[in-house]
Amino acid sequence: MTCEELEERLDAYALGALDAEEVRAVEAHLSQCGRCAAEAADALRAASALALTAPFLQPRPALRERVLTAARRDVAAAAGPGPLAGRRLAWAKGAAAVLLVAALGLGSWSLALRRDVDRLEAENAALRSGTTPAALVAALLAGGEAVTWTLEAAGPAAGARGVLAWDPEQGLCALSVDGLPQPPAGHVYQLWLVKDDGSAVSMGTFTVDADGTGRLLSTLGGEFGRFVAAGVSLEPAGGNSQRQGAMILRASFRRPEEEGASGGWP
Amino acid sequence: MTDPGLRDEDLVARLRWRDLAAFEALYDRHAALVYSVAYRVVGNAQAAEDVTQEVFLRLWRRPELFDGTRGRFTTWLLSVARNRAVDEVRSLGRRLQHEAPPPEAGAQELGDASAADPELEAQLALEREAVRAALATLPPEQQEVLLLAYFGGLTQQEIAQRLGQPLGTVKTRIRLGMKKLRERLRRAVET
């Protein structure tokens with residue numbers, strides 16, 4: 001199809017008045033021709049203006065509830081198949097760090113839970129969801145594309161990889177890494193989430209076992225949507241209030257074409 | 001609470017990391033428009049609601065389908081809505097019951113969402129006026145084919161058959177109608 005032929009069909013295309021075969025031919029041309037693609041955007045904008053000629057109506061409030069509930073269910077379902085599929089993660093707020101580690105089998109996890117301890121609540125949470133917190137977190141990490149990110153090695157720790165997952169509803173963030181070397185004496189690994197303004201927020205510190213496996217569970221609050229990247233760095237024991245170590249693992253939440261030359265890193 | 005100053009594109013970007021607040025904000029901004037287009041196409045409240053729900057859930061599940069380099073978010077969303085509504089009519093066929101349409105929402109009837117963003121609402125009302133005025137300046141036969149195509153979901157061939165007109169005539173009316181519509185809209189923006 002030539003540009004001239006396309007121009008003849010553009011209005012009908014924008015209105016949705018071409019048959020399937022012609023649509024295919026038009027879209028094939030548009031994917032190759034920037035000039036015609038710009039014309040098409042213009043035609044589509046004019047066609048969509050027709051939408052405004054429809055009488056303006058408000059849907060019922062019940063529709064809003066239905067749509068938002070369905071979206072929320074989606075987030076929970078993304079935590080993986082099995083007993084949790086389609087259910088909200090029933091992780092009680094204020095679940096106890098120390099008590100979970102001791103009583104419910106999260107021995108290998110470092111915990112950076114900021115909320116206060118309540119043993120009874122923690123046990124109830126596990127009972128209500130019908131599973132153990134370890135399984136909850138595993139499900140969180142096993143989640144679909146929507147809620148997990150892979151961290152890639154960026155420098156010294158060439159063989160290391162990580163998975164980061166979170167549940168915005170529950171305000172929980174879980175990190176699982178493999179292949180990390182033991183930190184040198186007096187040092188620890190620290191997880192950071194990076195905001196769109198370049199500032200890095202600490203999500204806690206963790207160590208690795210003999211296999212090079214590290215796990216961190218952390219609470220996540222506040223301006224969740226502003227995080228654009230995550231990374232793990234090596235810091236002095238006890239962690240650092242500001243990131244100083246080089247990033248060993250990192251993940252960017254942006255599409256590659258949105259990143260600047262720095263790859264989004266401050 | 002999501003900042004009302006955020007652009008649609010920024011809200012959509014947040015959907016990629018499952019930001020429900022951003023999704024709610026997008027729903028509150030655009031649901032009425034999506035519903036209105038759907039209703040105009042399907043002519044039935046239940047079907048229009050189903051279409052609206054599907055459009056928004058699709059956005060939630062596949063935010064990456066919106067390509068910000070190709071145009072505005074509303075343009076994309078409305079085209080998804082219109083196409084989905086046309087498909088719904090086709091798949092429901094004779095099961096689709098037409099109703100007497102409700103009256104258009106008056107200014108006082110607008111819900112909480114628009115009250116929270118009066119500037120957006122005012123802008124939308126102005127745009128609506130401009131487009132309706134622009135369409136009204138077109139000769140009736142051009143208006144007719146544009147509306148049959150856009151809301152009726154008919155192809156040029158089907159419109160020609162429906163109206164008992166030659167295909168060439170229909171094609172010409174579409175081109176002239178859209179050309180005039182674009183001119184009027186451009187002029188409206190410039191004044």
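Given R₀ = 45 Å, FRET efficiency for B:LEU6-B:THR137 by Cβ-Cβ distance, to 0.05?
0.80
Less than 14 Å Cβ to Cβ from A:ASP211, Lys/Arg counted +1 and Asp/Glu -1: what total charge do the surrounding residues give?
Result for the local shell: 0.
Rank these residues by their accessible area, most exposed first, probe 1.4 Å: A:SER176, A:SER252.
Reading off the accessible areas and sorting them downward yields A:SER252, A:SER176.
At a probe radius of 1.4 Å, what is the per-residue accessible area of A:SER241, in Å² to the nearest 10?
Here the accessible area works out near 100 Å².
Provide the packing ranking of B:24-31, B:182-189, A:15-22, i.e. peptides ordered by the mean count of other C-beta atoms within 10 Å per residue, highest first.
B:24-31, A:15-22, B:182-189
Mind checking the per residue accessible area of chain B for me, 1.4 Å probe, whole number of Å²?
About 51 Å² of surface per residue is accessible.
For segment B:172-191, list whatever residues lose no less than 50 Å² of accessible surface once every protein chain is in place, relative to that chain by itself, with the probe at 1.4 Å.
B:ARG175, B:MET178, B:ARG182
How well do other chains shield peptide B:58-69, expressed as the mean number of their Cβ atoms within 10 Å of each residue Cβ?
2
Considering Cα pairs under 8 angstrom that are at least six residues apart, work out the relative contact order of segment A:1-71 and quote it in whole percent.
31
May I ask for the accessible area buried between chains B and A, both sides summed, probe 1.4 Å, to the nearest 100 Å²?
Buried surface at the B/A interface: approximately 5400 Å².
Percent of accessible area on segment A:1-51 owned by carbon and sulfur, 1.4 Å probe?
46
Provide B:THR52, A:THR2, A:THR53 ordered by accessible surface of protein heavy atoms (probe 1.4 Å), highest first.
A:THR2, A:THR53, B:THR52
So, counting K/R as plus one and D/E as minus one, what does the shell of residues with Cβ under 12 Å around B:LEU163 add up to?
Computed value for this residue: -1.
Using the Cα centre of chain B as origin and beta-carbon charges of +1 (Lys, Arg) and -1 (Asp, Glu), tell me which of B:THR52, B:LEU147, B:GLY5 is placed farthest towards the positive end of the dipole.
Looking along the dipole axis, the top candidate is B:LEU147.
I'd like the mean, over residues of B:150-161, of how many other protein chain beta carbons sit within 10 Å of each residue's own Cβ.
4
Residue farthest toward the positive end of the dipole of chain B, with Cβ of Lys/Arg at +1 and Asp/Glu at -1: which of B:VAL34, B:GLN157, B:PHE23?
B:GLN157
Per-residue Cβ counts within 10 Å, from other chains only, averaged over B:34-42: what number is that?
Mean partner shielding for this stretch: 5.
When only the heavy atoms of the protein chains count and the probe is 1.4 Å, how do A:LEU193, B:LEU65 rank by accessible area, highest first?
The most accessible residue leads, giving B:LEU65, A:LEU193.
Given Cα pairs under 8 Å that are at least 6 residues apart, what percent is the relative contact order of chain B?
Averaging sequence separation for qualifying contacts and normalising by length gives 19 percent for chain B.
Expressed as a whole number of Å, what is the distance separating the alpha-carbon centroids of segment A:7-46 and segment B:23-98?
Cα centroid of segment B:23-98 versus Cα centroid of segment A:7-46: 21 Å apart.
Compute the helix-to-body angle for B:20-42: its Cα long axis versus the longest principal axis of chain B, expressed 0 to 90° and rounded to tens.
20
The values are calculated or read from the model by the stated rules, or taken from the named source; none is laboratory data. Here the structure is a predicted model, which is why all the values come from computation and not from measurement. Backbone-built Cβ (ideal geometry, glycine too); neighbour counts: all protein chains shown. Only protein heavy atoms, including side chains, enter the accessible area calculation; ligands, DNA and RNA are left aside. Shrake-Rupley method; radii C 1.70, N 1.55, O 1.52, S 1.80 Å.
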